[in-house]
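Q: Sharing a structure here in structure tokens format.
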Amino acid sequence: MTGVTAKNIADVDEKRLQEIDEFLLTFFEQCSAHIPKWAPMIDGDISAYEVREEFVIGHAVWLEALATFARRALFTGYLMDHGRPEEGVIRPDIACWDRMSALSKVDPRRTSLMWDNRCVVLGKMQKTSDGVKSTAARLLMLANVALPADMAALEKRLQADPQGRLVA
């Protein structure tokens with residue numbers, strides 16, 4: 001989500017790393033403020049068993065999709081220049097925090113049609129590349145953020161199958 005990797009962390013100055021730490025704290029505060037059931041999940045008011053069985057929001061596929069959403073939605077319009085040493089490291093000062101409010105439209109229940117054939121296939125959580133991308137695409141669409149070409153193509157494939165299954 002941040003663009004900081006083991007490979008490039010030494011090239012990112014300390015001030016930027018501190019800004020990224022603050023960005024991450026704000027990001028998770030925003031998740032608590034907007035994503036239904038997030039705060040009770042984090043606070044332990046919902047058991048880990050219940051989160052796994054009933055919700056998508058605690059599963060790796062959804063968390064990866066959330067990070068993909070954040071990188072795209074919060075920084076759309078900012079060109080991530082991959083030719084520099086920091087190789088696409090985010091600039092927290094330009095984050096579009098207002099887009100996080102779209103996450104209040106999320107239905108965190110695993111049974112929601114919102115996730116059907118995305119991160120949930122036949123009632124089971126699926127962590128596949130297409131599952132992550134199509135789940136992130138759903139989040140981006142909630143925020144009215146244009147999909148990158150690969151996600152748009154995936155959405156088209158998802159919509160083309162009469163049963164709603166992703167087709168290769």
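Q: Which condition from (1) modelled with pLDDT under 95; (2) within 29 Å of C96 (Cα to Cα); (3) of a type outside the set (F, W, Y) is the one that R138 breaks?
A: Status for R138: all satisfied but (1).
Q: Taking the condition farther than 26 Å from Q126 by Cα and over 18 Å from the mean Cα position of the chain (by Cα), does E50 pass?
A: Taking the combined requirement at face value, the residue does not satisfy it.
Q: Residue by residue through segment 42-72, note down the ones that are farther than 25 Å from A149 by Cβ, among the basic types (K, R) and buried (at least 17 other Cβ atoms within 10 Å of the Cβ).
A: none
Q: If the requirement is being of a type in the set (G, A, S) and in contact with a helix residue (DSSP H, G or I) (Cβ under 7 Å, 6 or more places away or on another chain), which of these qualifies: A33, A6, A95? Break it down stepwise before answering.
A: On the way: A33 fails: in contact with a helix residue (DSSP H, G or I) (Cβ under 7 Å, 6 or more places away or on another chain); A6 fails: in contact with a helix residue (DSSP H, G or I) (Cβ under 7 Å, 6 or more places away or on another chain).
That would be A95, the only listed residue that is of a type in the set (G, A, S) and in contact with a helix residue (DSSP H, G or I) (Cβ under 7 Å, 6 or more places away or on another chain).
Q: Let me ask another. Can you confirm whether segment 93-111 contains a residue that is among the aromatic types (F, W, Y), under 20 Å from A136 (Cβ atoms) and part of a helix (DSSP H, G or I)?
A: yes
Q: I'd like the residue in segment 147-167 that is modelled with pLDDT of 90 or more and within 16 Å of W115 (Cβ to Cβ) and, out of all such residues, is surrounded by the fewest Cβ atoms within 10 Å (Cβ to Cβ).
A: E155
Q: Between a residue in segment 7-32 that is more than 19 Å from L63 (Cα to Cα) and any residue that is among the acidic types (D, E) and at pLDDT 95 or above, which pairs come within a Cβ distance under 7 Å, given they are 6 or more apart or on different chains?
A: Every condition considered, no pair remains.
Q: Anything in segment 1-18 that is part of a helix (DSSP H, G or I) and surrounded by 15 or more Cβ atoms within 10 Å (Cβ to Cβ)? List them, or say none.
A: The one that is part of a helix (DSSP H, G or I) and surrounded by 15 or more Cβ atoms within 10 Å (Cβ to Cβ): R16.
The values are calculated or read from the model by the stated rules, or taken from the named source; none is laboratory data. Being a predicted model, the structure only gives us computed values, none of them experimental. All Cβ positions, even for glycine, are placed from backbone atoms using ideal geometry, and neighbour counts span all protein chains on display.
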